[in-house]
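Working notes, structure below.
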Amino acid sequence: MQKFIKQFPVLSQYTYVNTATSGLLYDGLLDWRQEHDLDFLIGGSTMKMEGHRLISETRNSVGKFFGCKTDNVALVPNFSIGLNLLLEGLEPKGKVLLLEGDYPSLNWPFESRGHATYFLKVTDALEENIYDRIKLDNINVLALSLVQWLNGIKVDLGFLRNLKKDFPDLLIIGDGTQFLGTESFNFEDSGIDVLGASSYKWLLGGYGNGFMMFADGAPVKFKVKATGFNAAGGDIEGREKVSFAKQFEPGHLDTFNFGSLNYSLGFLNEVGMDIISEQIKKLALKAKGELENLGLLEESVVKRKVHSSIFNIQGNKDLFAKFMEHDVVCAQRGNGIRLSFHFYNTENEIDKIIGILKSS
């Protein structure tokens, strides 16, 4: 593990517990990016014309990494753009269940298009409450982040799988930005119809790249209007042959950005998702216990049996300033301070944070 952690120069200067805001650049990816741009510098269009191979490789890597058919993967600049393109093809006839305080780029696109939206408060009984509301209000669409950005509450993935079995006509749309990259995940077994993500957080892919994954039965529920020459693979006669996933790729995709995602998926595979998952779980368990003992976590988080590695603790701007004085990089979110731990963090760093909190 240490040989991988050494690739992140930021960690030698700071206690970086802010991956929920931005993942880190590391030596291997920097080297790849420099080689990429050098190839462009000396090759010009010759290099870029070969870029479609790298884009295809990235699409294949995403599908293999997350257990999704390659043809059901769309590469998008970020989750927000992907979701907005998707919802242009969803008739606002049904009832949509959203979570209060969920990421604005998930909730706002539904609200702005006139969908009948119902909101559910996020509590420790999240799954039970979702089930009851879907049954009571005849909900057609459930849209939620798999991990909540403000307090790190993580929906039970087994619950979503069973929910789809009980309500097979329910359309489940998920944002995996704060989840994917923290543990092994198989999309085809998840029960989720559409799952998108931006890749600059836990996947360490940098900015300007993301993806959408679609279950086999998802396309029939949408009439997506987006299209373009790139979607047809540059075939002037191919307009009517564009697949559902390719409708999300109407224009050229940047080999620098998506090549970065492809490289980072390989890097995470090299570290090992099992190892990454175990390290994150260990850190999350320790952090939750220590923060709970100090009375800094909200009740809904304390009561949850399983939680992510994102925590929002009680704290004002003075505490935030104290963290910064001690080189702890975190974020002010909502009414508190958000701490988030990735595999490159350590238990010693948690001890340091707890020490700062006890001395405050």
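The values are calculated or read from the model by the stated rules, or taken from the named source; none is laboratory data. None of the values given here were measured: they were computed from a predicted structure. Counting neighbours? That spans all protein chains shown, and the Cβs are built from the backbone with ideal geometry, glycine included. What goes into the accessible areas is simple: the full protein's heavy atoms, side chains included, and nothing from ligands, DNA or RNA. Shrake-Rupley method; radii C 1.70, N 1.55, O 1.52, S 1.80 Å.
Worth a mention:
- Descending by average beta-carbon neighbour count within 10 Å, the peptides 227-235, 97-105, 75-83 line up as 75-83, 97-105, 227-235, the highest first.
- Expressed to the nearest 5 percent, the antiparallel share of DSSP beta bridges inside the chain is 50 percent.
- Fluctuation leader among Pro109, Pro219, Pro168 - the chain, Gaussian network, Cα springs under 10 angstrom: Pro168
- Helix-only mean residue ellipticity at 222 nm for the chain, each DSSP H run of n ≥ 4 adding -39500 (n - 2.57), per residue, nearest 500: -12000 deg cm²/dmol
- Segment Glu292-Lys135, extension gain: residue separation times 0.36 nm, minus the distance between their alpha carbons: 53.1 nm
- Region 308-356 versus region 160-176: alpha-carbon centroid distance in Å: 34
- The residues of the chain have, on average, 46 Å² of accessible surface per residue, using a 1.4 Å probe with all protein chains present.
- Glu88 sits with roughly 90 Å² accessible to a 1.4 Å probe, with DNA, RNA and ligands left out of the calculation.
- For region 283-321, the residues whose amide N sits under 12 Å from a probe point set 7 Å from the Cα of Ser360 along the beta carbon direction are 291, 294-297, 312-321.
- Cα-only Debye scattering, region 30-270: base-10 log of I(q)/I(0) at q = 0.13, 0.16, 0.17 Å⁻¹: -0.79, -1.15, -1.28
- The gain in end-to-end length when the Asp327 to Phe244 segment is fully stretched comes to 25.2 nm, 0.36 nm per residue minus the alpha carbon separation.
- In Å², nearest 10: area of Arg133 left accessible to a 1.4 Å probe: 50
- Packing-based ranking of 186-195, 38-47, 170-179 yields 170-179, 186-195, 38-47, ordered from highest to lowest mean Cβ neighbour count within 10 Å.
- Square roots of five times the Cα gyration tensor eigenvalues for region 163-222, Å: 24, 13, 8
- Pairs from the list Lys64/Lys281; Lys95/Lys164; Lys282/Lys305; Lys201/Lys225 with a Cα-Cα gap above 19 Å: Lys64/Lys281; Lys201/Lys225.
- For region 1-99, the convex hull drawn through the C-alpha positions has a volume of 190 cubic angstrom per residue.
- Principal axis extents of the C-alpha atoms in region 307-360 (largest first, rounded to whole Å): 28, 22, 16.
- By definition, a body whose alpha carbon gyration tensor gives a ≥ b ≥ c is rounded when a/c is under 1.5, and region 105-229 falls into this rounded group.
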